[in-house]
2 protein chains.
Amino acid sequence: MVTGMEQKENGRAGRGAGRGTYAVGDERRLRILDAAVEHFAQWGFHASSLARIAKDVGITQGGLLHHFRSKEDLLVQVLERTEQQDAERFFGKDFATAAECYASLLRLTEYNAARLGRTRMFNVLAAEAGDPGHPAHPYFVRRYAELVSVMSASLRRSVESGELRDGTDVAAMAEETAAVMDGLQIQWVLDPKGFDMVSRFRAYADRLLRSITTEGTGLPEQS
Amino acid sequence: MVTGMEQKENGRAGRGAGRGTYAVGDERRLRILDAAVEHFAQWGFHASSLARIAKDVGITQGGLLHHFRSKEDLLVQVLERTEQQDAERFFGKDFATAAECYASLLRLTEYNAARLGRTRMFNVLAAEAGDPGHPAHPYFVRRYAELVSVMSASLRRSVESGELRDGTDVAAMAEETAAVMDGLQIQWVLDPKGFDMVSRFRAYADRLLRSITTEGTGLPEQS
DNA sequence: GTCTATAAGGGGATAGAC
DNA sequence: GTCTATCCCCTTATAGAC
């Protein structure tokens, strides 16, 4: 959460503590990005204010615009940073099996459940980006395409190894799974204490894998 | 979609065509509500502008505020109206069985797939309302509680009749199903032409009902 | 690297004319 | 029922001092 923070402290403070201006400037940049996440989460992109974000970091709007040339630039860099974090953490290597893929998605769900601001931001921006004119629209279109692509590849490997039934519509399965994760996040953000997002996703993944595994009952799969 | 509309036309125009001022005033009110849906969909609540909404209806901001005393009042009335439409259409009577419940949810999905603006608005507002200070926060908290309650009741009846296995966690199932619908809507709004939301939901509902039905294979259900 | 000042514009809500 | 005028506040981006 963005708490008050030292609002009267000038940017000059803390200079002497660091090793050099580079490290200090870089840390300030990261603090701006963190604050921006919280503001995009609460206000969305359009209604967020550079001055309010800057205030949370302890600088002025003019000072913020030294690090990011525009509001849209700030949004892009926020998205790039979070995507890089996700990619390294959960999609670093391709998944050998469907079970491995879903185990990683469960860890991602646990990770999201520990970061309210970040998750709330993704809910809001993914919804806002439905507008084709939204600056994050291309990002989210690409993001879902990549997510479905990575998941489909791992599911296809499981089909080829005989773990999953032949004829499984792997893309449809990936899209459904992405939907479950997003939808659970919506409900979780509305009630972070009361709604158990992780348990719900685990239950979904377990039931899904069981129902399409070749060890199963031979029920026909859906398209 | 909100198209340009007669921007220079004064509110006085068309007065003579109607039967009386009541009907005309009421129709104007509905047009404002329709325009507001599109604006909340594109901009969210905070970044929407009463002047821009009024412009789409062909009046000024001052004229709009004659019908709605504030921006928040407009939001509340938009939500009340859409909820009333949903309730009448899809939750008019309690569902006797789980299959009946899911058949109705499938019709709701088809209905949503025919109304891009309305669905986009719900995506954006449901995400924004994650902020406890958002004017729609109480509405969405209540909305999900009621949805889960109605679905759980119908599922419980199916458990009692032996259609569903004993011990099924009906609330968890309802929450998961709501999540699937919301998540599919996110992806659909990002690509309304290419993403087949209805097929995805049908596949989900079919597989879910099959995997928890007593006619099934006796697999243990998830919590 | 951050500040202040400024430009040029938009925001919601109110008041009173018609 | 709608308009216009007004109040006071907020918005992004730029320019130049330090």
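The values are calculated or read from the model by the stated rules, or taken from the named source; none is laboratory data. Note that the structure is predicted; figures quoted are calculated from it, not measured. Virtual Cβ from ideal backbone geometry, glycine too; neighbours counted across all protein chains shown. Only protein heavy atoms, including side chains, enter the accessible area calculation; ligands, DNA and RNA are left aside. Shrake-Rupley method; radii C 1.70, N 1.55, O 1.52, S 1.80 Å.
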*Would a scan of segment B:209-217 turn up a residue that is within 9 Å of another protein chain (Cβ to nearest Cβ), farther than 19 Å from B:Arg143 by Cβ, outside any helix (DSSP H, G or I) and open to solvent by 20 Å² or more (accessible area, probe 1.4 Å)?*
yes
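Okay, residues lined up against (1) open to solvent by less than 30 Å² (accessible area, probe 1.4 Å); (2) over 30 Å from B:Glu38 (Cβ atoms); (3) within 12 Å of chain B (Cβ to nearest Cβ); (4) not polar (S, T, N, Q):
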{"position": "A:Pro135", "(1), (2), (3), (4)": "no, no, no, yes"}
{"position": "A:Arg143", "(1), (2), (3), (4)": "no, no, yes, yes"}
{"position": "A:Val148", "(1), (2), (3), (4)": "yes, no, yes, yes"}
{"position": "A:Gly162", "(1), (2), (3), (4)": "no, yes, no, yes"}
{"position": "A:Gly167", "(1), (2), (3), (4)": "no, yes, no, yes"}
*Output for segment A:188-207, where each listed residue is open to solvent by 10 Å² or more (accessible area, probe 1.4 Å), at the interface with chain B (Cβ under 8 Å from one of its Cβ atoms) and under 20 Å from the mean Cα position of the chain (by Cα)*: A:Leu190, A:Asp191, A:Phe195, A:Ser199, A:Arg200, A:Arg202
*Taking the condition part of a helix (DSSP H, G or I), open to solvent by less than 70 Å² (accessible area, probe 1.4 Å) and either under 30 Å from B:Val148 (Cβ atoms) or modelled with pLDDT of 95 or more (or both), does B:Asp26 pass?*
no
*Among (1) part of a helix (DSSP H, G or I); (2) closer than 18 Å to B:Asp182 by Cβ, which single condition is A:Arg157 missing?*
(2)
_Being surrounded by fewer than 18 Cβ atoms within 10 Å (Cβ to Cβ), near DNA strand C (Cβ under 10 Å from one of its atoms), away from chain B (no Cβ under 14 Å) and modelled with pLDDT under 85: is that true of A:Arg12 here?_
yes
*Number of the exception - B:Asp94 against (1) within 16 Å of DNA strand D (Cβ to nearest atom); (2) in contact with a Lys or Arg (Cβ under 9 Å, 6 or more places away or on another chain)*: (1)
*Can you tell me which of B:Glu128, B:Glu88 is under 21 Å from the mean Cα position of the chain (by Cα), at pLDDT 95 or above and either farther than 17 Å from B:Val180 by Cβ or within 16 Å of DNA strand C (Cβ to nearest atom) (or both)?*
B:Glu128
*Hey, could you check segment A:48-65 for residues that are more than 8 Å from DNA strand D (Cβ to nearest atom) and more than 15 Å from A:Val37 (Cβ to Cβ) and say which is least open to solvent (accessible area, probe 1.4 Å)?*
A:Gly58
*asked:* Would you confirm whether or not segment A:63-78 contains a residue that is in contact with a helix residue (DSSP H, G or I) (Cβ under 9 Å, 6 or more places away or on another chain), of a type outside the set (A, V, I, L, M, F, W, C) and closer than 30 Å to A:Asp196 by Cβ?
replied: no
*Only residues that are more than 11 Å from DNA strand C (Cβ to nearest atom) and more than 14 Å from chain A (Cβ to nearest Cβ): list them for segment B:28-62, please.*
B:Arg28, B:Arg29, B:Leu30, B:Arg31, B:Ile32, B:Leu33, B:Asp34, B:Ala35, B:Asp56, B:Val57, B:Gly58, B:Ile59
*Hey, among B:Ala172, B:Ala126, B:Ala179, which residue is part of a helix (DSSP H, G or I), at the interface with chain A (Cβ under 7 Å from one of its Cβ atoms) and touching a Phe, Trp or Tyr at 6+ places or on another chain (Cβ under 6 Å)?*
B:Ala126
_Looking only at residues that are open to solvent by less than 20 Å² (accessible area, probe 1.4 Å) and of a type in the set (A, V, I, L, M, F, W, C) in segment A:97-121, which one is farthest from the other protein chains (Cβ to nearest Cβ)?_
A:Cys101
